[in-house]
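Note sheet for the following structure.
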Amino acid sequence: MRLALFDLDNTLLGGDSDHAWGDYLCAKGILDPVAYKQRNDEFYQDYLAGKLDLQAYLSFSLEILAVTEPAQLKQWHDAFMRECIEPIILPKALALLEEHRAAGDRLVIITATNRFVTGPIAARLGVETLLATECEMNGDRYTGRSTDVPCFREGKVTRLERWLGENGLNLEGSYFYSDSMNDMPLLERVAHPVAVDPDPVLHGEAMRRGWKVISLRE
């Protein structure tokens, strides 16, 4: 079975779900709208510049999960989906997913953003397989820590290779769609790397290597 792999933020979505989640919590007064937002923005700029300290970011961003009851988290996330995610779902992204689905491809979203944020988004997009940064649980409560290999940069390759082995699949004929230079390790591994509304570094690399460049934005 051929695989069609998709980054999520700024690829299938017209924005970054992880950053948007922090902004949402600040807008609702759940987190400090000045101090938290400033730090959240700093981490996001580090990500765009390719110098994100992922463990520092995860410690920062997952803390709210540990101090909040699961039912409350779900209520917040449901509203977040309606208010913040639905408006940035790209029609052309839905069409691309459907194109691969109709071709009989196995669709996989592979994202550095944590599973708490992205699980409902993948479900909304109709993609059953999600490889994401994992949140540690203690019973039904989040601990505020991550677990397993973060699904980021080379970690995406590590997590994907393990999943391929577990499912008896390979990357023959595979596609990977991404906007970010942070995904270069995985883009280099697939048969058909596709740069989607790429950042300047990835755009330059795609041009140099002859990779396909597309836009899913209106």
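The values are calculated or read from the model by the stated rules, or taken from the named source; none is laboratory data. Every value quoted in this text rests on a predicted model; they were computed, and no experiment measured them. Please note: Cβ atoms are built from the backbone with ideal geometry, for glycine as well, and neighbour counts cover all protein chains shown. Ligands, DNA and RNA are stripped out before the accessible areas are found, and what is left, the full protein with its side chains, is counted by its heavy atoms. Shrake-Rupley method; radii C 1.70, N 1.55, O 1.52, S 1.80 Å.
A simple charge model with +1 on the Cβ of Lys and Arg, -1 on the Cβ of Asp and Glu and nothing else charged puts the dipole of the stretch 84-208 at about 160 debye relative to its Cα centre. In whole percents, the pair-distance distribution calculated for the stretch 114-177 from its alpha-carbon pairs, binned every 5 Å from zero, is 4, 14, 20, 25, 22, 10, 3, 1, 0. Each helix, a run of at least 4 DSSP H residues, gives -39500 (n - 2.57); summed and divided by the residues of the chain, these come to -13500 deg cm²/dmol at 222 nm. The fraction of Cα-Cα pairs per 10 angstrom bin, counted from 0 for the stretch 40-140, comes to 12, 38, 37, 13, 0 percent, rounded to whole percents. Note on Ala95 and Arg189: the extension gain reaches 31.4 nm, defined as 0.36 nm multiplied by sequence separation minus the Cα-Cα distance. Once you put a point 7 Å from the Cα of Glu136 and another 7 Å from the Cα of Gln72, both along the Cβ direction, what distance in nm separates them? With each label point 7 Å from Cα toward Cβ, the separation is 2.2 nm. Answer rounded, prolate or oblate for the chain, using the Cα gyration tensor with square roots of eigenvalues a ≥ b ≥ c: rounded when a/c is under 1.5, else prolate when a/b is larger than b/c, else oblate. Verdict is prolate for the chain. Considering only alpha-carbon pairs that sit under 8 angstrom and 6 or more positions apart, the relative contact order computed for the chain is 25 percent. Farthest towards the positive end of the charge dipole of the chain, among the residues Cys151, Ala132, Leu94, is the Cα of Leu94, using unit charges on the Cβ of Lys, Arg, Asp and Glu. Roughly speaking, to the nearest percent, how much of the chain's 1.4 Å accessible area is carbon and sulfur? The nonpolar share, carbon plus sulfur, comes to 50 percent. Using a cut-off of 27 Å between Cα atoms, the listed pairs Lys92/Lys212; Lys51/Lys156; Lys28/Lys156; Lys28/Lys51; Lys74/Lys212 include Lys28/Lys156; Lys28/Lys51; Lys74/Lys212 as exceeding that distance. For the stretch 56-179, the solvent-accessible area works out to 45 Å² per residue, with a probe of 1.4 Å and every protein chain left in place.
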